[in-house]
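Asker: Here's a structure for you.
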């Protein structure tokens with residue numbers, strides 16, 4: 001005996017239109033998939049069919065259905081804090097100042113900067129991660145000089 005098949009049986013016009021809008025124009029790929037799964041469930045697709053279609057586990061699909069039933073469209077949105085935390089943060093002024101200083105002292109040798117960051121901050125990162133951080137630092141507006 002397996003789990004009892006679960007479906008989203010009733011959707012109001014407003015709910016259906018908000019799910020369709022989320023599926024078509026949602027910012028997050030995960031959010032769009034969740035909206036799509038609720039719409040497919042409403043059309044009568046089984047949990048097993050949804051797991052095969054989306055390539056996720058049964059528990060994941062049941063979680064999506066449960067989030068929808070308890071919180072509606074808000075339950076499908078990606079919550080803050082999910083995903084891997086960054087190794088360097090633009091919000092941490094100590095890190096920003098240290099990176100700026102090290103890069104200004106040796107702008108042509110980022111491998112050396114990576115080594116110094118590891119020894120001074122205890123942050124183990126790659127040269128590529130450092131480049132990405134510097135790019136974000138320059139585009140975020142945090143690079144203005146303080147008087």
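A short reminder: the numbers here are calculations on the coordinates, not readings from a lab. Everything numeric in this text was worked out from a predicted model, so none of it was measured. For neighbour counting, all protein chains shown are included, and Cβ atoms are generated from backbone atoms with ideal geometry for every residue, glycine included.
Asker: Hey, can you rank 86-95, 39-48 by average C-beta count inside 10 Å, highest first?
Answerer: Details: 86-95: 13.6, 39-48: 16.4.
Ranked by mean Cβ neighbours within 10 Å, highest first: 39-48, 86-95.
Asker: Given the C-alpha centroids of the range 18-69 and the range 84-108, what is the distance between them in whole angstrom?
Answerer: So the two Cα centres are separated by 39 Å.
Asker: Which three semi-axes in whole Å describe the equivalent ellipsoid of the range 13-76, each the square root of 5 times a Cα gyration tensor eigenvalue, listed largest first?
Answerer: Semi-axis lengths for the range 13-76 are 17, 12, 11 Å.
Asker: Against the longest alpha carbon principal axis of the chain, how many degrees, from 0 to 90 and to the nearest 10, is the axis of helix 110-121 turned?
Answerer: Approximately 80 degrees, to the nearest ten.
Asker: Right, something else. Please report the base-10 log of the normalised intensity I(q)/I(0) for the chain, using a Debye sum with one equal scatterer per alpha carbon and no solvent, at each q in 0.09, 0.11, 0.15, 0.20 (1/Å).
Answerer: -0.50, -0.63, -0.77, -1.09
Asker: If each DSSP helix of 4+ residues adds -39,500 (n - 2.57) and the sum is divided by the residues in the chain, what number results at 222 nm, nearest 500 deg cm²/dmol? Can you show the working numbers first?
Answerer: Values: 8 runs with 92 residues, N = 147.
Rounded to the nearest 500, it is -19000 deg cm²/dmol.
Asker: Calculate the spin-label point distance for residue 48 paired with residue 123, positioning each point 7 Å from the Cα along the beta-carbon direction, and give it in nanometres.
Answerer: Between residue 123 and residue 48, the simple spin-label model gives 4.9 nm.
Asker: I need the shape label for the range 93-140. Rule: rounded when a/c is under 1.5, else prolate if a/b > b/c, else oblate, with a, b, c from the alpha carbon gyration tensor.
Answerer: On the way: a/c = 1.32, a/b = 1.23, b/c = 1.07.
Taking the square roots of the gyration eigenvalues as a ≥ b ≥ c, the range 93-140 is rounded.
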